[in-house]
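Beneath this line is the structure, given in structure tokens, with notes to follow.
The values are calculated or read from the model by the stated rules, or taken from the named source; none is laboratory data. A quick note: this is a predicted structure, and the numbers were derived from the prediction, not measured. Virtual Cβ from ideal backbone geometry, glycine too; neighbours counted across all protein chains shown. SASA here: full protein model, heavy atoms, side chains in, ligands and nucleic acids out. Shrake-Rupley method; radii C 1.70, N 1.55, O 1.52, S 1.80 Å.
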Amino acid sequence: MGTGWAFPISFRKVRTETERTISHCSVEMAADLEDIEQSLTILLTTRPGERVMRSDYGCSLEDLLFEPMNESLLTYVRNLIDQSILYYEPRIKLNQIDILEDDNLLEGRLKVAVDFTMRSTNSRFNYVYDFYTREATIVAQ
């Protein structure tokens, strides 16, 4: 399944005991299910065109922010996510995508539940992506 840099990228100080104490930094890593979940978060939050060497990578969910919330839009969102996972996350097999309806749906907030199977272990998991944008109405003083 692989191991990759954790998201968001963070560093930790590592101390090595030798004749003298030497410290250096290393990158936090993620593996297995955690790596896949972080990869899905990156995939769903990246707009196509943001990556320099992979301009087609991403899912254009933010382009739909001010569209009217109806069944047609929800179907389109499911299709966007399905295609993005199909092309850019080969470690999983997508079983189902559900958009959870709750009171926040009227506020422009979508909770997307992704049911998937890890190909390497044939284990089934759920991942919930909470898609919303916060208004910049409160300014810190």
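With respect to GLU101, is the statement that it is out of contact with any Phe, Trp or Tyr (no Cβ under 8 Å at 6 or more places or on another chain), modelled with pLDDT under 90, open to solvent by 80 Å² or more (accessible area, probe 1.4 Å) and not aliphatic (A, V, I, L, M) true?
Yes: the conditions hold for GLU101.
Would you check if SER55 is in contact with a Gly (Cβ under 6 Å, 6 or more places away or on another chain) and open to solvent by 60 Å² or more (accessible area, probe 1.4 Å)?
For SER55, the condition - in contact with a Gly (Cβ under 6 Å, 6 or more places away or on another chain) and open to solvent by 60 Å² or more (accessible area, probe 1.4 Å) - is met.
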